[in-house]
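J.: Quick one: the structure is below, and I'll ask about it shortly.
The values are calculated or read from the model by the stated rules, or taken from the named source; none is laboratory data. This structure is a prediction, so every number in the text was calculated from the model and none was measured. Cβ coordinates were reconstructed from backbone atoms using ideal geometry, including for glycine residues, and neighbour counts include every protein chain displayed.
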Amino acid sequence: MTFGFKSVNDAGTNQIDDTYKGLEMRASGTINTSSLSGGISFLSYGSFTLDLTYPPVIAFKDGTGFTCNNGISSVYLGGGITRYTIGILVFKPSSTHYAVTYFVFGPPRTISEVPLPQIGLVVYNSSGAITYRSDQKYFNIVDVVSLASPTNELETSTTRTYTSGRSYAVASTAISNYAAYSDGDLITAEFCSGFKCSSNVVTFSWKRYNLQSIAGSMLSTTLTGIVLDVTNF
Amino acid sequence: MSNGVLVLDAGGVEQLNTSVRVGKLLGSTTVSSSGSLTDAGFSTGTPWYIAVPTTAGGAPSWFGFTVSFSGNTMTWMTTSSCTIYYGVF
């Protein structure tokens, strides 16, 4: 970097400079889950839709159950807009209903899409593109955590404790793992992986419900989540 | 805060201080099969990625996706079309 503005955090890592852009937070909300039919009493399911011009990155925050990013489907609506349906599962519930907060991140927008603020900080690169603007909230990464699936036990978990007084959410690097098989009218879950954000403590967990058989193919045996600082989001 | 940058929004709410690690976006790519890419930016921090499935239609479903990093190269295996966002922090 030969000119411009740069800030470095207390870990010695660049926060802002003229080189990189970041994912912007585009929306947030709450999804209420409800119990599943078919006998899976320990899972709660919810879904929501987003009409977007870009594939969304979704982070979740729930302090009571383990949230599992259950999948995304899409339907093109025309005019550059795609409708994304995001499904989530919460497992280990103490009740059948959960309120899970979600945060939607996407590529940074241009000035024509979002006019500049009247106050604050804006950083440009040498091409005139914006690399940071203080009126936006960004994908502030605290940690990347991976947890392998349990092999010969029913459950495995790992817990991380971060700075107190801050708020955290987790984005799965891919769809969290979940599988179920149908035995007549009874649907039984085989395994589930997810995360829980309670205050400044984030727990990742795998739960297997049947050690005798695994239905389908478990292509990903590692749950990986990106822990985000969403304080004041 | 004794040094560094503090950024507040219009409401006076803190958005950035010296402890925040802003995830930098190196790029994105849409893929339908296994592959790899090289980006010199991976050497500037700790790599991260997010895969978002883009196969149209149907109910939300799980898909298999794994990634590994070696030097400046990211290699992935996938069972579905997806967009990969990648960067460093």
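J.: What's the number of the only condition in (1) touching a Phe, Trp or Tyr at 6+ places or on another chain (Cβ under 9 Å); (2) β-branched (Val, Ile, Thr); (3) at pLDDT 85 or above; (4) surrounded by fewer than 18 Cβ atoms within 10 Å (Cβ to Cβ) that A:Val230 fails to meet?
T.: (4)
J.: Can you tell me which residue in segment B:32-55 is modelled with the lowest pLDDT, limited to those that are farther than 18 Å from A:Glu24 by Cα and within 8 Å of chain A (Cβ to nearest Cβ)?
T.: Applying the filter and picking the extreme gives B:Thr55.
J.: Can you tell me which residue in segment A:85-96 is surrounded by the most Cβ atoms within 10 Å (Cβ to Cβ), limited to those that are within 15 Å of the chain's Cα centre (by Cα) and free of Cβ contacts under 8 Å to residues at least 60 places away in the same chain?
T.: A:Ile88
J.: Could you please let me know if B:Thr29 is at the interface with another protein chain (Cβ under 7 Å from one of its Cβ atoms) and more than 16 Å from A:Gly22 (Cβ to Cβ)?
T.: For B:Thr29, the condition - at the interface with another protein chain (Cβ under 7 Å from one of its Cβ atoms) and more than 16 Å from A:Gly22 (Cβ to Cβ) - is not met.
J.: Which ones in segment A:22-44 are at pLDDT 85 or above, buried (at least 18 other Cβ atoms within 10 Å of the Cβ) and not β-branched (Val, Ile, Thr)?
T.: A:Gly22, A:Leu23, A:Glu24, A:Met25, A:Arg26
J.: Within segment B:68-86, restricting attention to residues that are facing chain A (nearest Cβ under 7 Å) and part of a strand (DSSP E or B), which residue is modelled with the lowest pLDDT?
T.: Filtering first and then ranking leaves B:Thr83.
J.: Can you pull out the residues in segment B:1-25 that are out of contact with any Ser or Thr (no Cβ under 9 Å at 6 or more places or on another chain) and at pLDDT 85 or above?
T.: Scanning segment B:1-25 gives B:Gly23, B:Leu25.
J.: Could you list all residues from segment A:76-117 that are farther than 28 Å from A:Gln136 by Cβ and aliphatic (A, V, I, L, M)?
T.: A:Leu89, A:Val90 - these are the residues of segment A:76-117 that are farther than 28 Å from A:Gln136 by Cβ and aliphatic (A, V, I, L, M).
J.: Need at least 1 residues that are within 14 Å of another protein chain (Cβ to nearest Cβ) and over 16 Å from the mean Cα position of the chain (by Cα) per element, so show me which strands (runs of 3 or more DSSP E) inside segment A:1-74 make the cut, counting only ones lying wholly within it.
T.: Result: A:14-16, A:43-52.
J.: Now for a different question. Hey, can you tell me all the residues within segment A:97-114 that are part of a loop (DSSP other than H, G, I, E, B), more than 11 Å from chain B (Cβ to nearest Cβ) and under 21 Å from the mean Cα position of the chain (by Cα)?
T.: Result: A:His97, A:Tyr98, A:Arg109.
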